[in-house]
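The next block holds one structure in the form of structure tokens; read it before the comments.
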């Protein structure tokens, strides 16, 4: 089951990176067209603005799976393994609360944007609701991954408590 979860998140991260590459090429072509032909491509800045959340939020859970989010361990590195695990449980529970609120509100905003068929006000009528939905999906996937990490940390904590002398 975890392999399927990891594969889904890896595919989302790869798709996000591929889309970022395409948007970067489009931006370069737009800049070159503006400099050399004094004729920029219509709507490129609008599309970049609308697609930015896709690049940022969809790979969040995969980055957490790989353990590559920024961590500051200045204090906890001096703790015993049992206390380090307890701090990890506390951090993931805090993350679950914060990301739960963000996912809940993200879905509220995304569903409102979908029902209102919201568009970015620019030269090109770029729909905003796919980007807002990507934010909600990204927060939800990250919340699920934090839940998995929290359960693993709790399991490790109980193993350490059983192994430690009374």
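The values are calculated or read from the model by the stated rules, or taken from the named source; none is laboratory data. These figures come from a predicted structure and were not determined experimentally. FYI the Cβ positions are ideal-geometry reconstructions off the backbone, even for glycines, and counts take in every protein chain you see.
Some observations on this one:
- If the condition is being more than 30 Å from residue 157 (Cα to Cα), surrounded by 15 or more Cβ atoms within 10 Å (Cβ to Cβ) and modelled with pLDDT of 85 or more, then the range 74-126 contributes 106, 107, 109, 110, 113, 114, 118, 119.
- Residue within the range 71-78 that is in contact with a strand residue (DSSP E or B) (Cβ under 8 Å, 6 or more places away or on another chain) and over 27 Å from residue 142 (Cβ atoms) present: no
A quick yes/no check of all residues on (1) closer than 27 Å to residue 15 by Cβ; (2) without any contact (Cβ under 8 Å) to a residue 40 or more places away in the chain:
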position: 74; (1), (2): no, yes
position: 98; (1), (2): yes, yes
position: 133; (1), (2): yes, yes
position: 143; (1), (2): yes, no
position: 154; (1), (2): no, no
position: 159; (1), (2): no, yes
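- Scan of the range 8-46 for residues that are surrounded by 14 or more Cβ atoms within 10 Å (Cβ to Cβ) and within 22 Å of residue 61 (Cβ to Cβ), ordered by number: 9, 10, 12, 13, 16, 19, 20, 23
- For the range 11-18, the condition of being touching a helix residue (DSSP H, G or I) at 6+ places or on another chain (Cβ under 6 Å), within 23 Å of residue 146 (Cβ to Cβ) and part of a helix (DSSP H, G or I) holds for at least one residue.
- Extreme residue, nearest to the chain's Cα centre (by Cα), among residues of the range 47-66 that are under 17 Å from residue 124 (Cα atoms) and surrounded by fewer than 18 Cβ atoms within 10 Å (Cβ to Cβ): 52
- Condition broken by residue 33, with the remaining ones in (1) at pLDDT 90 or above; (2) more than 23 Å from residue 125 (Cβ to Cβ) satisfied: (2)
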